[in-house]
Amino acid sequence: MIEIDEELGRLADSVELPATTPDDDLARGRAARRTRNLAAVGASAVGVAMVVTGVAMLSGGTGDRAVEPGPAGGGTTSPSPSANASHHPRKAHHTRTSKAPADPFAPMAPAGQRVVRETLNSFHDVLTDDLDPGGTRLAPFSNLQSGGGGLGTKFDWSGGGMLEIDLQPTAPKYWSFAEPGFPLTPRHVAGARMAKAGSDPTSTTVVVVRNDGTAVQLTASSEFGNNGTSIAATGLTVEQLLAAAADPRLTLPDPVPLGEPGPGLFR
Amino acid sequence: MFGIGSGQRRPDQEAAYVDFVAARRARLYRAAYLLCGDAHRAEDLVQVALTKLYVAWPRVERSSGLDAYVRRSIVNASIDESRRPWRRERPSDHATLDAPAREGLTHEDSDELWAALRALAPGQRRVVVLRHYWGLSVEETATDLGISPGSVKSQTYDALARLREELSVTGKERGA
């Protein structure tokens, strides 16, 4: 297979490199670390504020008003003087508003974490109802996969792989499925304006655009998770996945919280 | 200076990070491009992987697994991305596809290999890239992808057979 190695190498060498420098990556790394640290400090400050509030309430509300916390999650925007963004004016994205451009590394507010957690748990409950009525195979959500204005996650499918879900508020404009790895063919699903499905030996993907405009993608794969060997190992059929994707109980919050949820998502 | 507000690591850590990026970035980007076939997505994958590496630098550096960490970040991100049909549909208008091939690879060969590579199932393409571009062993590939060595072997076999078939077909069409 030396030939393949060499040809791949030559092909890769023919790819033009983007104009970027290590300093660009360094700046992104610093910004990500800064926002992560600030999120941790903010979470700690909120926790301290809640403790202080509790102590004040337990003492009859006669605590020192100078330490009275602001609204939960709404204060502590400047946890330390060094957090001032003037050191890095181009990357001051730790103080964002709902209109700020999406930054995958900006910290998500605790309220947003709660909304996302509840949404992903609701996905789990609906999919358990539809695909795992015995409740023996679908594990709790494992991560957050956001982007495009929607939310998604992966669930371990006990005994044979994983199940991935992605909800988007509207169907993407481009919808030709030119390169999914396997063809997706049109299907009819009640309650959906459009549906497609396709499989390869290890994965099945369905996409459904419901009448309310919500686009839902479900992928069952035995290729990842538990080293399954074929899609049959998941026990899931295309019809089951299509029906689950069309379930109107799968909904997105409005608005969808933005940012990096961090470990707080799992608390 | 290296406090919470700056996000900076110690100078020696930053220097080591910059050295690592300078030495590896081109290869990481090319591998990402082979995985996803799209210049913008490849750059996204590399940026995300290198950003995660910076954040996790001391831990990853201690484990002596810098290359594996970044490689897995890129592969995992490409897997997550590739499962979303609406992310797969970006037009393949990258200039590279229309650019003259570099030395050692004719334009026709380049097009044929790209087409053959893109015709592979995502899992097969990942195995091919990990094994035949990154040069990993069966066991290393299995660990990276979270699949069994047997699956790596069978997917490699199937992928190479399909590559040969695709290249053979396009070669015949060109010769006809």
Exercise. Of the residues that make up region B:33-50, is at least one in contact with a Cys (Cβ under 9 Å, 6 or more places away or on another chain) and among the hydrophobic types (A, V, I, L, M, F, W, C)?
Worked result: yes
Exercise. Looking only at residues in region B:121-152 that are over 17 Å from A:LEU11 (Cα atoms), at the interface with another protein chain (Cβ under 8 Å from one of its Cβ atoms) and not hydrophobic (A, V, I, L, M, F, W, C), which one is surrounded by the fewest Cβ atoms within 10 Å (Cβ to Cβ)?
Worked result: B:SER148
Problem set entry | Test: B:ASP19 is more than 7 Å from chain A (Cβ to nearest Cβ), in a helix (DSSP H, G or I) and either surrounded by fewer than 15 Cβ atoms within 10 Å (Cβ to Cβ) or touching a Phe, Trp or Tyr at 6+ places or on another chain (Cβ under 6 Å) (or both) | yes
Exercise. Of all residues in region B:64-78 being touching a Leu at 6+ places or on another chain (Cβ under 8 Å) and at pLDDT below 85, which is surrounded by the most Cβ atoms within 10 Å (Cβ to Cβ)?
Worked result: B:SER78
Exercise. Within region B:126-156, how many residues are within 25 Å of B:SER168 (Cβ to Cβ) and in contact with a Leu (Cβ under 6 Å, 6 or more places away or on another chain)?
Worked result: 4
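Keeping to region A:125-166, report how many residues are among the polar types (S, T, N, Q) and part of a strand (DSSP E or B).
1
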Problem set entry | One residue from A:THR35, A:THR53 being more than 7 Å from chain B (Cβ to nearest Cβ), at pLDDT below 85 and in contact with a strand residue (DSSP E or B) (Cβ under 6 Å, 6 or more places away or on another chain) | A:THR35
Seminar exercise, completed: Apart from one, (1) closer than 18 Å to B:LEU34 by Cα; (2) at pLDDT below 55; (3) within 10 Å of chain A (Cβ to nearest Cβ); (4) not in a helix (DSSP H, G or I) all hold for B:ASP93; the odd one out is (3)
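Go through region A:193-224 and report how many residues are touching a helix residue (DSSP H, G or I) at 6+ places or on another chain (Cβ under 9 Å) and not in a strand (DSSP E or B). I'd like the intermediate steps shown before the answer.
Going through region A:193-224, the residues touching a helix residue (DSSP H, G or I) at 6+ places or on another chain (Cβ under 9 Å) turn out to be A:195-208, A:210, A:215-224.
Then keep just the ones that are not in a strand (DSSP E or B); that gives A:200-202, A:222-224.
Total meeting the criteria: 6.
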Problem set entry | Failed condition for B:ALA39, given (1) at the interface with chain A (Cβ under 10 Å from one of its Cβ atoms); (2) surrounded by fewer than 17 Cβ atoms within 10 Å (Cβ to Cβ) | (2)
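Does B:GLU61 fit the bill of being more than 8 Å from chain A (Cβ to nearest Cβ), surrounded by fewer than 18 Cβ atoms within 10 Å (Cβ to Cβ) and either in a helix (DSSP H, G or I) or touching a Ser or Thr at 6+ places or on another chain (Cβ under 7 Å) (or both)? Walk me through how you get there before you give the answer.
Details: more than 8 Å from chain A (Cβ to nearest Cβ): yes; surrounded by fewer than 18 Cβ atoms within 10 Å (Cβ to Cβ): yes; either in a helix (DSSP H, G or I) or touching a Ser or Thr at 6+ places or on another chain (Cβ under 7 Å) (or both): yes.
Yes, satisfied.
The values are calculated or read from the model by the stated rules, or taken from the named source; none is laboratory data. Computed from a predicted structure; not experimentally measured. Virtual Cβ from ideal backbone geometry, glycine too; neighbours counted across all protein chains shown.
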